[in-house]
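Beneath this line is the structure, given in structure tokens, with notes to follow.
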Amino acid sequence: MPILNWNGKHLPPPAPATLIQDSFLYPNGRGYPKTHPDGRVILGDNLSVMAALLPEYEGRINLIYADPPFFTNRKFSARVGRGEDSRKPSKWKLAEGYHDSWLDLDSYLQFLYERLTVMHRLLAPNGTLYLHLDWHADAYARLILDEIFGAENFINEIIWAYHGPSPIKTAFNRKHDTILSFAKSKDYVFNADDVREPYSPNTVNTFKSSRKAGFGKIPDLERGKVPEDWWYFPVVARLHNERTGYPTQKPEAFLERIIRASSNKGDLVADFFCGSGTTALVAARNGRKFITCDESVRAVQTARSRLSETTSVFSFERDSAIQNEVAYKSKKIGAVISDGYIKLRTSLDVDFWEVDPAWDGKMFKSAAQAQRHARSGELPLELKIKIGSKVCIRLVTVQGKQFQLYI
């Protein structure tokens, strides 16, 4: 098989991060304070984070979904406003999202190569990787994956098609992404019955009119079919109830198909390009454990906020090289405790806040949470919770700044 080479291609041993456990989050108090976490949310560069996870997780992760930068050489902004008119982008309130900019193609391919190699090590013997890219670099990535996984372990090239406006005037509109699926071995998980979908009405009617319509093959029309390797899901911009404002967010139904097909309940699912946290969210809702990671504070906080609406207890960790940016004092925040309720008082534009009702001065254990509604922009300023000897409140503003208050 051909091997792709580029200037500077090499495979240095990745330097592991030192991970510091910052807090635990118990959605709506579930399991507080003793339940073993179902997942891990980690702030840090994914290469060093994955290297740090190798001693514990090498050969143990059942499914990895990877949605890296696409080599677009663009800067993506995050929408932080709430209740805005989606048809008037000039009036959106924006903040920095993430950069997809590179010195050249060689540096991008080296970036992918190092990370995909560690992902291969982390996968279980029956594990599967889904690498999500588009026309900018998918052809190069296919050759890199052939080298790392072996071309014989290729499963699918999946096309995700979608609608939307396009600035292209001199060619057909580019309206699909490519997802490359590779297994660690031939003994990989694929739950066909968990992802079946109904046959189209035209197919059903055709077989009703003629039993020979399938060239001698009669499908089980009631059971449904396994989807083809081309999928249509609306982009998140058209799914108002899912939008977080984080750029390039993927639809929940899209990730649910991948997770249900290529993992079982109780399995461990990882996404080391966390973004808005959709993979971890869908994994949690489908009874899977999860690890997710991103170097962006905004991405990690978006994921934490979304996961607070599941039933999965999870830890939040950070690379020790990243400073803890929690501000411990601010004249702009305060709180009142009355009759089992905590009422937040602040002039800050808060996006998410949480409470540890019995803070020990060391590990923050979030037992109650509230977040700003994605569409209405409303934020609950009151939480009902049983109070211990010392209370700690943490909050995150729409600008991504963090504050902490002791009572």
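The values are calculated or read from the model by the stated rules, or taken from the named source; none is laboratory data. Worth saying up front: this structure is predicted, and the values here are computed from it rather than measured. Methodologically, a virtual Cβ is constructed for each residue, glycine included, from the backbone with ideal geometry; neighbour enumeration extends over all protein chains shown. The accessibility values were calculated without ligands, DNA or RNA, using every heavy atom of the protein model including side chains. Shrake-Rupley method; radii C 1.70, N 1.55, O 1.52, S 1.80 Å.
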Strands (runs of 3 or more DSSP E) contained entirely in the stretch 1-80, each with at least 3 residues that are buried (at least 19 other Cβ atoms within 10 Å of the Cβ): 19-25, 39-43, 61-66
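Conditions (1) of a type in the set (D, E, K, R); (2) outside any loop (DSSP other than H, G, I, E, B); (3) at pLDDT below 95, marked per residue:
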position: Ala139; (1), (2), (3): no, yes, no
position: Arg142; (1), (2), (3): yes, yes, no
position: Ile159; (1), (2), (3): no, yes, no
position: Ser181; (1), (2), (3): no, yes, no
position: Ile218; (1), (2), (3): no, no, yes
position: Arg223; (1), (2), (3): yes, no, yes
position: Trp231; (1), (2), (3): no, yes, no
Complete set of residues in the stretch 183-200 that are within 20 Å of Arg60 (Cβ to Cβ) and outside any loop (DSSP other than H, G, I, E, B): Ala183
May I ask you to verify whether Leu131 is at pLDDT 95 or above, hydrophobic (A, V, I, L, M, F, W, C) and open to solvent by 10 Å² or more (accessible area, probe 1.4 Å)? no
Over the stretch 193-216, the set of residues at pLDDT 80 or above and aliphatic (A, V, I, L, M) is Val195, Val204
Residues of the stretch 161-179 being in contact with a helix residue (DSSP H, G or I) (Cβ under 9 Å, 6 or more places away or on another chain) and not in a loop (DSSP other than H, G, I, E, B), in sequence order, are Asp177, Thr178, Ile179
Being under 30 Å from His136 (Cα atoms) and of a type in the set (Gly, Ala, Ser) is the requirement here; does Ser166 meet it? yes
Restricted to the stretch 343-393 and to residues being under 22 Å from Asn324 (Cα atoms) and exposed (fewer than 13 other Cβ atoms within 10 Å of the Cβ), the residue farthest from the chain's Cα centre (by Cα) is Gly361
Can you tell me which residues in the stretch 190-210 are among the acidic types (Asp, Glu) and either surrounded by 14 or more Cβ atoms within 10 Å (Cβ to Cβ) or more than 13 Å from Arg223 (Cβ to Cβ) (or both)? Asp194
